[in-house]
1. Subtract the Cα-Cα distance of K46 and I11 from 0.36 nm times their separation in residues, and report this length gain in nm to one decimal.
2. Only helical DSSP H runs with n ≥ 4 go in: add -39500 (n - 2.57) per run for the chain, normalise by residue count and round the 222 nm mean residue ellipticity to 500 deg cm²/dmol.
3. From the alpha carbon gyration tensor of the chain, can you work out the equivalent ellipsoid semi-axes (sqrt of 5 times each eigenvalue) and give them in Å, largest to smallest?
4. Extension gain N121-S58, at 0.36 nm per residue separation less the Cα-Cα distance, in nm?
5. Roughly what would the spin-label model give for I20 and M1, points 7 Å off Cα along C-beta, in nm?
6. If the reach is capped at under 18 angstrom between alpha carbons, list the aspartates and glutamates near K105, excluding any in the same chain fewer than eight residues apart.
Amino acid sequence: MINILVVDDEIELCELMEDILVTELNCQVKVAHNGEDALAMTEAEKFDLIITDFKMPSMNGGELIEAVKKSGNVSAQATIFLISGHHAISETESSSFPDVYYFNKPLSIEKMIKKIEEVTNL
């Protein structure tokens, strides 16, 4: 079973994503509402996929990705999805993390599910 961490300060979006991922893909899903909590969760548990919002208070998604990668607490095979609702992610930003998949809001759940199936071989 795929273990996914969803990180977003919008509680309703986290709940929606958790419901969809569990129902559609039969995944195990954990939720964090900020980068600090997410980072602590990666220290306690290994995740196959991290889906994080970009703009969050105190630690944004880019900072979370950097911290997680430096910590070594995710498997080398872990996939990261970065979601942005406040601006389109530029080529400069995306080149900072070439192994991260980028999605802009409004989020197409269908596209995200298809990409999750593709990268996790579901």
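1. On the way: separation 35, 0.36 × 35 = 12.60 nm, distance 2.24 nm.
Length gained, K46 through I11: 10.4 nm.
2. On the way: 5 runs with 54 residues, N = 122.
Calculated mean residue ellipticity at 222 nm is -13500 deg cm²/dmol.
3. On the way: eigenvalues 68, 57, 45 Å².
With the √(5λ) rule applied to the chain, the semi-axes are 18, 17, 15 Å.
4. Numbers: separation 63, 0.36 × 63 = 22.68 nm, distance 3.40 nm.
Fully extending the segment from N121 to S58 adds 19.3 nm.
5. Spacing of the two 7 Å Cα→Cβ label points: 2.1 nm.
6. Straight-distance partners of K105: D8, D9, E10, E12, E15, E18, D53, E91, E93.
No value in this document is a laboratory result; all are computed from the given coordinates. Not measured: the values here are computed from a predicted model. Backbone-built Cβ (ideal geometry, glycine too); neighbour counts: all protein chains shown.
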